[in-house]
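This report refers to the structure that appears directly beneath it.
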Amino acid sequence: MTTALPANPIVAIPARLAATRLPGKPLADIAGEPMIVHVWRRAVAAAIGPVVVACGDREIAAAIERAGGRAVLTDPELPTGSDRIHAAITGLDPERAHDAVVNVQGDMPLIEPAAIRLAFAGLADPDTDIATLAAVIDDPAMLAQDHVNKVVAGFTDPEQPARALYFSKAVVPWGAGPHYEHVGLYAYRRAALDRYVGLPRGVLEQRERLEQLRALEAGMRISVRLIRPEQHGGQVDTPADLERVRASLRR
């Protein structure tokens, strides 16, 4: 198989203040810094390419600029993070010099830079449109929680990527064997991101409330690499998640 990574990637972090379960989430204080600054620093440390925060609020842009980063304001009414990064990159790079976009979620302040690099490395396969990450679910209680998104992929070798066959909030697949939590970090080929945001919402996407199903329903290929659970540290969706992250950084 021919392998060739995109030559000029950019990392984009979507963020907005209007989170339902934890309003003002990107600016939540963690160890004296806003959460979005922690995420930005880890994305910079991945050393893939330039990093920009695509934000719907001036307060987020100001926090990133105070830390020495770059932020782009986008329409706060954009429906998804993918739409937000697409709008930001389109404005920043109309000449399309950047041939890949790595989408690091703004609520993953413990993400390891190595995990970000691994997601980007998934684009070495020329047949892959989008690359993402997953981690084995070891806790049965976590498996039963519908806010833990699962990905179905047949890993014959856990050190190698596998093709994503489905995403769900349900416990899938049936039968004995490992289950995988989807880690919502994506690396897009530039053309794949353009195509994705132009697609209509899929039937299964709306039913499961998982936007990555839109790509699968349209026949796009998503590659998955496994990481250790501690490499992503979980997303911050609730006050309890925020306290967990604060405690982790104190330790």
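When each of the peptides 33-45, 207-219 is scored by how many other beta carbons lie within 10 Å of its residues on average, the order from highest to lowest is 33-45, 207-219.
Of all the options A63, A88, A141, the one that moves most in a Gaussian network model of the chain with Cα springs shorter than 10 angstrom is A141. Each helix, a run of at least 4 DSSP H residues, gives -39500 (n - 2.57); summed and divided by the residues of the chain, these come to -9000 deg cm²/dmol at 222 nm.
Quick one: which of 71-80, 129-138 comes out on top by average Cβ neighbours within 10 Å, and what's the full order, highest first?
On the way: 71-80: 15.5, 129-138: 21.4.
Going by the mean number of other Cβ atoms within 10 Å, highest first, we get 129-138, 71-80.
Can you tell me the mean projection area, over all orientations, of the convex hull of the stretch 110-192's alpha carbons? Units nm², please.
Numbers: hull surface 24.7 nm².
Hull-based average projected area comes out at 6.2 nm².
Annotation for the stretch 137-223: chymotrypsin sites (Phe, Trp or Tyr not before Pro) lying in DSSP loop with at most 13 further Cβ atoms inside 10 Å of their Cβ are W174. Taking amide H positions as modeled 1.01 Å from N, with prolines and chain starts lacking one, the residues under 5 Å from A164 and 5 or more places away or on another chain are I222, S223, V224. On full extension, the segment bounded by D99 and R221 gains 42.2 nm, given 0.36 nm per residue less the C-alpha separation.
Between H147, H98, H86, the Gaussian network model of the chain with springs among Cα atoms under 10 angstrom shows the greatest mean-square fluctuation at H147.
With a Förster radius of 22 Å applied to the beta-carbon distance between A7 and R163, the computed FRET efficiency rounds to 0.35. Under 5 Å between amide hydrogens, built in the peptide plane, is the criterion, and for V53 it picks out I13, R70, A71, V72 among residues at least 5 positions away or on other chains.
Each reported figure results from applying straightforward, stated rules to the coordinates on display, with no laboratory input. Because the structure is a prediction, the values reported are computed rather than measured. Note: ideal-geometry Cβ built from the backbone for every residue, glycine included; neighbour counts use all protein chains shown.
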